[in-house]
1. Take the Cβ-Cβ distance between Thr48 and Ser95 as r, set R0 to 22 Å, and report the resulting FRET efficiency rounded to the nearest 0.05.
2. As an exercise, take the mean of 1/r over every pair of distinct alpha carbons in the chain, invert it, and state the Kirkwood radius in angstroms.
3. Once label points are set 7 Å from the Cα along Cα→Cβ at both Tyr6 and Asp73, what is their separation, rounded to one decimal in nm?
4. How tilted is helix 4-31 with respect to the longest principal axis of the chain? Cα atoms for both, answer in degrees (0 to 90, nearest 10).
5. Counting helices only, and only those DSSP H runs with n ≥ 4, report the 222 nm mean residue ellipticity of the chain as the sum of -39,500 (n - 2.57) divided by its residues, in deg cm²/dmol to the nearest 500.
6. I'd like the orientation of helix 49-61 relative to the chain: the angle between its Cα long axis and the longest Cα principal axis, in ° from 0 to 90, rounded to 10.
Amino acid sequence: IRRIPYGIAYAAVLFWEIVKANCAVVRVILSGRKPDPAIVVFSVPLQTEWAKVLLANAITLTPGTITVSVEGDRFRVHALCSDFADGIDSSVFVSLLKKMEK
């Protein structure tokens, strides 16, 4: 029951990040610039499997990024543009999931 407020906050943040990412992808498409795709590997300090699954799903649900693999605490993510992956390892998703794990 104590995780419910965090779950609601997580859903709201996920929705907002999806909206922002959609706008970023539309800007890339309409600008005519070629995307500069990148694969980024990073580690996160999440302990539980469900938190890692939630993070991987959030990354994949956000347009412009796809979680390619999760091995232990290492995530491999493909980004449509390299700047889409900036700060992904310290995103608001990670901080909310760390709070939910406690």
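Bear in mind that the values in this text are calculations on the coordinates, not laboratory data. Please read all numbers here as calculations on a predicted model, not as lab measurements. We place every Cβ from the backbone using ideal geometry, glycine too, and count neighbours over all the protein chains shown.
1. 0.90
2. About 14.1 Å for the chain.
3. 1.7 nm
4. With both axes taken from Cα atoms, the answer is about 10 degrees.
5. -17000 deg cm²/dmol
6. 20 degrees
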